[in-house]
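Written below as structure tokens is the structure these notes are about.
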Amino acid sequence: MIIAIDGPAAAGKGTLARRLADHFGFAYLDTGSLYRAVGLAVLRANKSPDDIEAANQAAAKLDTSLFGDPALRAEVTGNAASKVAAIPSVRTNLLEFQRNFSDRPPGGKKGAVLDGRDVGTVVCPGADLKLFVTASPEVRAERRQLEILGRGEAAEFEEILADVRARDERDMNRKDAPLKPAEDALLLDTSELDIDAVFLRAVALVEERL
Ligand code: C5P
């Protein structure tokens, strides 16, 4: 059983994916972490995330130890991730890791939940259930602001909203694997629904398919 959850930044897909994986005992992969790890490696090498060669190098030898690095979650890393993610050869390099995960979920789990931007369209086009989780840019910026404030960092709403819009723009308009719902994806708008309601809806959809 493969569940693909896509959507824009801060739509709540990570929380939903993690909860579904816990509930059904499936393995979980946050595919954004891979792009973030590449972005972070490039920044740490003092290179620009627009530097194709530097990004390719980081993607070719993906440093999975960065998954646990607190800097992975920083806004600057998210922005760098969305820049390296627009480079086709970076995407190709990261595809194998994601497919291995969905084909053979670690720990012998009988299912996998993957979240990202192109899981339903490119990584797992044959997924059993595809969800596209979205919310208005304002709602997403507000959630991101709360998350950043919760970490004790400063967070200006207008600045975050501008970042969210810039990231949407880049993710939706890139040539390779742009952010868009798969034709057979079910849309869940979390602007008005709270996370528990979204979770219950998703659980029912998975159970229908099990
Ligand atoms: O989801 P998260 O904010 O961690 O993703 C960081 C960036 O990685 C996104 O803005 C997007 O550009 C890229 N990404 C992607 N494809 C995925 C997951 C993430 O292009 N499947």
- prompt: Taking H as built 1.01 Å from N, whose amide H comes closer than 5 Å to the amide H of ALA27, not counting residues under 5 places away?
  reply: GLY111, ALA112, VAL113
- request: Go through region 121-138 residue by residue and turn each phi into a ³J(HN,Hα) via Karplus (6.51, -1.76, 1.60, θ = phi - 60°); whole Hz please, and just put x for glycine and proline.
  value: 8, 10, 5, 10, x, x, 3, 6, 9, 10, 10, 10, 9, 9, 6, 5, x, 5
- request: Report the GluC sites (Glu not before Pro) located in region 151-200 that are in a DSSP loop and have at most 13 other Cβ atoms inside 10 Å of their Cβ, or state none.
  value: GLU153, GLU156, GLU183, GLU192
query: Order of 118-130, 1-13 by packing, highest average Cβ count within 10 Å first?
result: 1-13, 118-130
task: Specify the inter-centroid distance of region 56-119 and region 154-210, based on alpha-carbon positions, in whole Å.
output: 18
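Return the loop-located trypsin sites (Lys or Arg not before Pro) in region 160-189 (DSSP other than H, G, I, E, B) with at most 14 other Cβ atoms within 10 Å of their own Cβ; answer none if there are none.
Answer in residue order: LYS175.
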- line: When all Cα-Cα pair distances of the chain are considered, the percent exceeding 24 Å is 39
- prompt: Taking H as built 1.01 Å from N, whose amide H comes closer than 5 Å to the amide H of LEU131, not counting residues under 5 places away?
  reply: ALA4, ILE5, ASP6, LEU186
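We did not get these values from a lab; they are worked out from the coordinates using the rules stated. Everything quoted here is computed from the prediction, not taken from an experiment. Quick reminder, even Gly has a Cβ in these numbers, built from the backbone with ideal geometry, and neighbours come from all protein chains shown.
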